[in-house]
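Trainee: Structure in structure tokens, see below.
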Amino acid sequence: MSNQQQFGPGGVVEPNQLNQITQAITGLDSSQLTWVSGYIAGLAAAQDPNANNLAPIAITPVPESAGTLTIIYGSQTGNAKGIATAYQVKASEAGIPAKVISMADYKPRQIKNETHIAIVVSTHGEGEAPDDAVELHEFLGSKKAPKLPNLKYAVLGLGDTSYEFFCQTAKDFDMRLATLGATAVLERVDCDVDYDSAAAQWQDDVLAKIKDDLTAKTTQVASTPAANTASVASIYTKKNPFAGTLLTSQKITGRDSIKDIRHIEISLEDSGIQYQVGDALGVYFLNDEAIVQRMINAYGLSAEETVTLGDESLTLAQALTEKCELTLSYPTFVKALAESSGDAALTALLADKAALREYLVPRQIVDIAIDYPVKVTAQQVVDACRPLTARLYSIASSQNEVEDEVHLTVALVEYEEHGFVHQGGASGYLAKRLDEGAPVKVYVEGNDNFRLPADPNTPVIMVGPGTGIAPFRAFMQERDAQEAEGKNWLFFGNPSFTQDFLYQTEWQGYVKSGLLSKISLAFSRDQAEKIYVQHRLLEQGAEVYQWLEAGAHFYVCGDANHMAKDVEQALLTIYQTHGKQSADEAKKSLLALRKAKRYQKDVY
Amino acid sequence: MSDNKNLIVEGKLAVNERIKSESNFLRGTITEDLGDDLTGGFTSDNFQLIRFHGMYQQDDRDIRAERLKQKLEPLHNVMLRARLPGGVITSKQWLAIDKFADDYTSYGSIRLTTRQTFQFHGVLKPHIKLMHQTLNAVGIDSIATAGDVNRNVLCTSNPEVSHFHQEAYQWAIKISEHLLPKTRAYAEVWLDGEKVETTDEEPILGSNYLPRKFKTTVVIPPQNDVDVHANDLNFVAIEDNGKLIGFNVLVGGGLAMTHGDHSTFPRKADNFGFIGLDDTLAIAEAVVKTQRDWGNRVNRKNAKTKYTLERVGVDTFKAEVEKRAGVKFADAKPFEFTGRGDRYGWVEGVDGLHHLTCFIENGRILDYPGKTLKSGCKAIAEIHPGEFRMTANQNLVIAGVPAELKEQIQALAQANGLMPQVSLQRKDSMACVSLPTCPLAMAEAERYLPDAVTEIEGLLAKHGLADESIIYRITGCPNGCGRAMLAEVGLVGKGPGKYNLHLGGNRAGTRIPKMYKENITDTEIMTILDELIGQWAAGREVNEGFGDFVIRSGVIAEVVDSAKDFYA
């Protein structure tokens, strides 16, 4: 369609088309119309060759709470909860659909789907948000907060005037919502210790203001069309990655953990990139500048020397930082440098292949430079290096939940050797070296061999210890968005319950909501004997077998060398024990399961 | 009783009343929660019910916000408060709790408390049953040390009049046992006790237990180490020619209040009169039952005995107790309290045994650099045939040491920092646990106390009063565990680094201090104290205490009847 075609009232469509459209939208309420307008705009964007044409169909989810007053409370002592709960009753009695939710249970991103919210919040200590409210409070003040031009809100603050920062948290919410474009239906009310009458007055006043908006609506909104089709092709590829923005790099293991695992959030805003749960994200990184300098020093070279890579001319430091693989080590580096330097020791190292492998395993390229500071040129060093490649991480989010973000679960590799800190290439980059807000080059690597069942009623069993949890977080977000009826069972393991329960509060939320039917946990170091996920599988063998017989899909993600093998062995044992099968039959059963794409692995 | 109508507060019952009534005699679904490995905590009702079994769910508040960001729940754990009437514990028991603290608590300490018992802090859910079973194996339980019940019964730790202490201590045990919940829930839930078919009954506490916590003491004047006015029910030992003949009964003390709620206030106990020894249990039971039936079950903030007395009148309450017990109170016998501190160092009891009272700052028994208190206590327990007594001032008495062991125990105590050279001021200072474990804490108490005392010492020295002291107490919230509402200078936590400053208690603990300044910083407090201690130094009468001075000189008004005066 182009603007030269002039038809009908809008000058765009023919009269009979307009008729059809009018018919189709008859009876829709304003929020449904808003949705339809977005839907159609998305269709247009997808077809228009002039626009940013690879943008996906912009499917704006229908607000779940269309026509509902959402009462959100946050409190330390329970007073706010009491007011909020009573308010829900009052609103319902007044014919206004209302739901009440604790800020602790409220997903901050949900706020952009709201039309009317009432916030009841206390202030903790010296002007800080109460624990329950911290996440939402921070979110609304962060750069992640969405614009909220369609939101109407009211805030009730609970406090104590003897404190310096009286009702500070309520003030913050009020200001932040206003900043995001939301409209206050009523001026904020700040209550002192004896809040009863002020709170009651506020409830009545707010209801009076929003009554007209909310009482008329009775129609139920049709369900959102599923967006779970094949990956939409993107102009951003391994060769042409998108410069996303690192939003969050948050350690999610406790302070006494033996592991440092990060939750990473990257913005894909304006890229049009669409990924599916099960996909991986390729992440390009820059090498650690300190390591690059050590390497340059080891060879007695200068960082500013010019080298050539293909038809590109750049400094040695630049080349090593941006273009060369330095964290994995490889024999070709040794070979190339041995040849170009003619160094006897390096040549000797090359002679014994097994010894060379053994030498390389615990080392990064910089360690070789320090062990063998041979005489070479800058160009020879660069030529000896493999080109830097992106690292792949299983995606830990669903776009139905996070929209234009992508989340990862990254274990930071970090250790000291030769008296200085070595980091993993991408993990060190994402976890430590890159500042939040900085650009990071990424692309989506599809993985059609790790997909949720097409039928949302199919049960799934997920085994994901350690960072293997990542795709299952995405699975649960997706099943949640789909309102999938199929049961979900997660097996997770890590060293310690208190320190290493990755995404604990999210799993608790999913268990509470009923989405996650079962969770089986194996914390290996919390008792004398080591317990791993395969032990939990065997303990629950009878039920695992029942689920499989009922058509469950079985997913494994994480360590390939030990865990995945142990889990597979456990599955075989389960077929034998609970399916009364011979060893051969069990193998066949597993093969059949795999062929039916009901046994999928994402292991590394 | 039909005439009780006006004596009972009508209205929608407080949430805790529902929890208790639905708990199946305190069982709730605790066992199910123990099997839930998704969380280290307890679900809402059970969160309250475990208190009746002597535990509070807590978490490390220092890292709560950090863990929220880490998508980890708060570091839930429980604090256990043991039931030790009179604070008495044997060496064998000591060794068992010492080991458990090492092996299974995250803080590794034995915390002596103002309730004359010990607390474990930081026990993770998978170890809770093991904890109760470990204690049970050496004859300790934690039944009813928290929750709406009669809690651990205190008894003066006086080591000098040893025969008298023995008698009073036996009464503390008898009262504790008599008022204990009868439900088998504790044994079933924690000790894997057999489930019997019989229905539980609570003839004294009732199936809904008490409206609120209830605290009882046995006290031997002239010492008031247990702080009678912080307690609902007190038996003041009366002697005749060195023999215990009965008790004066003091009812309705209590220090808890709620910031900003003037219907709550600390209150002193009223003296109901004298009873003979034989009537002790009957009177204890009658006071508890009267409070059980008349206490406010609608508003928990006004549910304690002190408010029942204010509401129905002391005479009405007393008459009901007499009616229920079938005992008339005789006129109170004269007695006098002269002080509350412990008598540090060695004393010889009339039985010829020796008693060593050790000063434990904050009651926290732990190995510190150069002060290996915990190792010291353990080493003493290994050779000591007597017992330990925890005092209501959070100190420790090594009691009943035979003469031949005295030297050896003294050497161990000295080597491990149990006999520190500290000022009188430090000995007269006290704080509750507060941050980081107590969920109610609003400001630092235990962790702030040592430095605060150093500052007060400096002020006393500056004004030429280095040998004097002020009863100085810090409590992290207005619930009053640190008994600041019976101090000469009492700090009540209001927010991080902020306190309400109260002045005007006395040394014997028979006067409630009044708020002097609200919500001020530690620096402001020290500035005020500097000024006032200066005035005291210049204008005091002979031996006049700081609390008496500030009232006489008009710095603060005296609280006589706290219902009227406290907020006036």
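Trainee: Report the full-extension gain for the segment B:Lys328 to B:Glu524: residue separation times 0.36 nm, less the Cα-Cα distance, to one decimal in nm.
Mentor: On the way: separation 196, 0.36 × 196 = 70.56 nm, distance 5.13 nm.
The span from B:Lys328 to B:Glu524 would gain 65.4 nm if fully extended.
Trainee: Moving to a separate point now. Taking neighbour counts of Cβ atoms within 10 Å as a proxy for exposure, in what order, fewest first, do A:Leu136, A:Leu408, B:Leu281 appear? Before the final figure, lay out each step's value.
Mentor: Values: A:Leu136 24, A:Leu408 27, B:Leu281 16.
Ordered from fewest to most neighbouring Cβ atoms within 10 Å, A:Leu136, A:Leu408, B:Leu281 come out as B:Leu281, A:Leu136, A:Leu408.
Trainee: In debye, nearest 20: dipole of segment B:425-565 around its Cα centre with unit charges on the Cβ of K, R (+) and D, E (-)?
Mentor: 340
Trainee: Now, a different point. Can you tell me which lysines have their Cα less than 16 Å from the Cα of A:Lys487? Leave out same-chain residues fewer than eight positions away.
Mentor: Once the sequence-local lysines are set aside, what remains near A:Lys487 is A:Lys512, A:Lys518.
Trainee: Let me ask another. How many angstrom separate the Cα center of segment B:281-327 from the Cα center of segment A:285-346?
Mentor: Going from one Cα centre to the other spans 86 Å.
Trainee: Return the unpartnered cysteines for chain A, using a Cβ-Cβ cut-off of under 4.7 Å.
Mentor: For chain A, the answer is A:Cys167, A:Cys191, A:Cys557, because their Cβ atoms have no other cysteine Cβ under 4.7 Å.
Trainee: Considering only A:Val376, A:Pro387, A:Gln576, whose Cα is most displaced toward the positive end of the charge dipole of the protein assembly as shown, charges sitting on Cβ of Lys, Arg (+1) and Asp, Glu (-1)?
Mentor: A:Gln576
Trainee: Rounded to two decimals, what ratio of Rg to Rh does segment B:345-422 give with C-alpha atoms and a Kirkwood Rh?
Mentor: Values: Rg = 11.6 Å, Rh = 12.4 Å.
Taking Rh as the inverse mean 1/r over Cα pairs, Rg/Rh reads 0.94.
Trainee: Could you name the lysines in cross-link range of B:Lys306, using Cα to Cα under 16 Å and dropping any fewer than eight places away on the same chain?
Mentor: Within the straight-line cut-off, B:Lys306 pairs with B:Lys213, B:Lys215, B:Lys268, B:Lys289, B:Lys318, B:Lys564.
Trainee: Next question. Given the -39500 (n - 2.57) contribution per DSSP H run of 4+ residues, what per-residue ellipticity at 222 nm results for chain A, rounded to the nearest 500 deg cm²/dmol? It would help to have the intermediate numbers written out before the result.
Mentor: Working: 22 runs with 222 residues, N = 604.
Using -39500 (n - 2.57) per qualifying helix, the result is -11000 deg cm²/dmol.
Trainee: Now, a different point. Give the long-range amide H neighbours of A:Thr248: residues separated by 5 or more places, or on another chain, with amide H under 5 Å away, using H modelled in the peptide plane at 1.01 Å from N.
Mentor: A:Glu265
Trainee: Quantify how much of the Cα-Cα distance distribution of segment B:85-196 extends past 26 Å, in percent. Walk me through the intermediate numbers first.
Mentor: Numbers: 1362 of 6216 pairs.
Cα-Cα pairs of segment B:85-196 separated by over 26 Å account for 22 percent.
Trainee: Oh, and also: Answer rounded, prolate or oblate for chain B, using the Cα gyration tensor with square roots of eigenvalues a ≥ b ≥ c: rounded when a/c is under 1.5, else prolate when a/b is larger than b/c, else oblate. Don't jump to the answer; show the numbers that get you there.
Mentor: Values: a/c = 1.22, a/b = 1.09, b/c = 1.11.
Since a/c stays below 1.5, the shape of chain B is classed as rounded.
Trainee: Only Lys, Arg, Asp and Glu count, each charged at its Cβ (+1, +1, -1, -1), so figure out the dipole size of chain B about its Cα centre, rounded to 20 debye.
Mentor: Details: 66 positive and 75 negative charges, 208 e Å.
That gives a dipole near 1000 debye.
Trainee: Could you grab the relative contact order for chain B? Cα pairs under 8 Å, six or more apart, rounded to a whole percent. Present the calculation step by step, with values, prior to reporting the outcome.
Mentor: Values: 1275 pairs, mean separation 73.1, N = 568.
That works out to 13 percent.
Trainee: Sticking with this structure for a sec: At q = 0.04 Å⁻¹, work out log10 I(q)/I(0) for the protein assembly as shown with the Debye formula, treating every Cα as an identical point scatterer and leaving solvent out; two decimals please.
Mentor: -0.29
Trainee: Assuming R0 = 35 Å, can you tell me the calculated FRET efficiency for the pair A:Leu314 and A:Arg357, based on Cβ-Cβ distance, to the nearest 0.05? Walk me through the numbers on the way to the answer.
Mentor: On the way: r = 32 Å, r/R0 = 0.91.
Working from the Cβ atoms, E equals 0.65.
Trainee: Take the alpha carbon gyration tensor of segment B:503-553, find the square roots of its eigenvalues, order them as a ≥ b ≥ c, and report rounded if a/c is under 1.5; if not, report prolate when a/b exceeds b/c, else oblate. Spell out each step's value before the answer.
Mentor: Working: a/c = 2.54, a/b = 1.28, b/c = 1.98.
It comes out oblate by the Cα gyration axes.
Trainee: Compute the helix-to-body angle for A:30-47: its Cα long axis versus the longest principal axis of chain A, expressed 0 to 90° and rounded to tens.
Mentor: Orientation of helix A:30-47: about 30 degrees from the principal axis.
Trainee: Here's a follow-up. In the P(r) worked out for segment A:60-199, what percent of Cα pairs fall beyond 17 Å? Walk me through the numbers before you get to the answer.
Mentor: Details: 5430 of 9730 pairs.
So the portion of pairs separated by more than 17 Å is 56 percent.
Trainee: Right, here's the next one. Compute the distance from the alpha-carbon center of segment B:197-256 to that of segment A:534-569, in whole Å.
Mentor: Segment B:197-256 and segment A:534-569 have Cα centres separated by 59 Å.
Trainee: Here's a follow-up. As an exercise, take the mean of 1/r over every pair of distinct alpha carbons in segment A:443-572, invert it, and state the Kirkwood radius in angstroms.
Mentor: Details: mean 1/r = 0.0665 Å⁻¹.
So the Kirkwood estimate lands at 15.0 Å.
Trainee: Tally the DSSP beta bridges in segment B:425-565 and give the antiparallel ones as a percent, rounded to 5. Kindly include the intermediate steps, with their values, before the conclusion.
Mentor: Values: 12 of 19 bridges.
Around 65 percent of the beta bridges assigned by DSSP in segment B:425-565 are antiparallel ones.
Trainee: Further, regarding this structure: What 222 nm value per residue comes from the helices of chain B, counting each DSSP H run with n ≥ 4 as -39,500 (n - 2.57) and dividing by all residues, nearest 500 deg cm²/dmol? Walk me through the numbers on the way to the answer.
Mentor: Details: 18 runs with 177 residues, N = 568.
That comes out to -9000 deg cm²/dmol.
Trainee: If you average the sequence gap of Cα pairs under 8 Å that are 6 or more apart and divide by the length of segment B:467-564, what percent do you get for the contact order? Working shown, then result.
Mentor: On the way: 184 pairs, mean separation 22.3, N = 98.
Taking the mean separation of contacting Cα pairs over the length of segment B:467-564, I get 23 percent.
Trainee: Under Stokes-Einstein, with the Kirkwood radius over Cα pairs standing in for Rh, what whole-number D in µm²/s applies to segment B:281-391 at 4 °C and 1.567 mPa s?
Mentor: Numbers: Rh = 18.8 Å.
In µm²/s, the coefficient rounds to 69.
Trainee: Now, a different point. If a/c stays under 1.5 just call it rounded; otherwise compare a/b with b/c (prolate if a/b is bigger, oblate if not). Do that for segment B:425-565, with a ≥ b ≥ c from the square roots of the Cα gyration tensor eigenvalues. Can you show the working numbers first?
Mentor: Working: a/c = 1.81, a/b = 1.29, b/c = 1.39.
The shape class here is oblate.
Trainee: For segment B:217-230, what does the Karplus curve 6.51 cos²θ - 1.76 cosθ + 1.60, with θ = phi - 60°, yield as ³J(HN,Hα) per residue in whole Hz, taken in order and with x for Gly and Pro?
Mentor: These are the phi-based 3J(HN,Hα) values: 9, 10, 10, 10, x, x, 7, 10, 4, 7, 6, 3, 6, 8 Hz.
Trainee: For chain A, what does the relative contact order come out to in percent, with C-alpha contacts under 8 Å and a separation of six or more? Let's see the in-between values first.
Mentor: Details: 1094 pairs, mean separation 63.8, N = 604.
Value for chain A: 11 percent.
Trainee: Checking the table B:Lys20/B:Lys498; A:Lys239/A:Lys323; A:Lys171/B:Lys498; A:Lys375/A:Lys432 against a 24 Å threshold on Cα-Cα, which pairs fail? Mind dumping the intermediate values first?
Mentor: Values: B:Lys20/B:Lys498 35 Å; A:Lys239/A:Lys323 13 Å; A:Lys171/B:Lys498 22 Å; A:Lys375/A:Lys432 33 Å.
In this structure, B:Lys20/B:Lys498; A:Lys375/A:Lys432 lie more than 24 Å apart at Cα.
Trainee: Using the Cα atoms of chain A to build a convex hull, what is its mean projected area in square nanometres?
Mentor: Values: hull surface 144.4 nm².
Answer in nm², one decimal: 36.1.
Trainee: Enumerate the lysines that A:Lys565 could reach by cross-link, defined here as Cα to Cα under 19 Å, with residues fewer than 8 away along the same chain left out.
Mentor: Qualifying lysines at Cα under 19 Å: A:Lys530, A:Lys587, A:Lys588, A:Lys595, A:Lys597, A:Lys601.
Trainee: Per residue, how big is the convex hull of segment B:174-320 when only Cα atoms are used? Give it in Å³. Numbers along the way, then the final one.
Mentor: On the way: hull volume 22.0 nm³, N = 147.
Here the figure is 149 Å³ per residue.
Trainee: Suppose every K and R has +1 on its Cβ and every D and E has -1 on its Cβ; what is the size of the dipole of the protein assembly as shown about the Cα centre, in Debye to the nearest 20? All intermediate terms of the calculation are to be shown ahead of the outcome.
Mentor: Working: 118 positive and 151 negative charges, 300 e Å.
Here the protein assembly as shown has a charge dipole of around 1440 debye.
Trainee: Based only on other Cβ atoms within 10 Å, what is the fewest-to-most ordering of A:Asp448, B:Asp227, B:Asp548, A:Asp196?
Mentor: Fewest to most other Cβ atoms nearby, the residues stand as A:Asp196, A:Asp448, B:Asp548, B:Asp227.
Trainee: Still on this structure, please answer the following. As a footprinting exposure proxy, order B:Phe337, A:Phe166, B:Phe235, B:Phe52 by other Cβ within 10 Å, with the fewest listed first.
Mentor: Final ranking by Cβ density, sparse to dense: A:Phe166, B:Phe337, B:Phe52, B:Phe235.
Here, each number is a calculation from the coordinates, and none is a lab measurement. The model shown is predicted, which means the values in this text are computed figures rather than measured ones. Cβ sites come from the backbone with ideal geometry, for glycine too, and all protein chains shown count toward neighbours.
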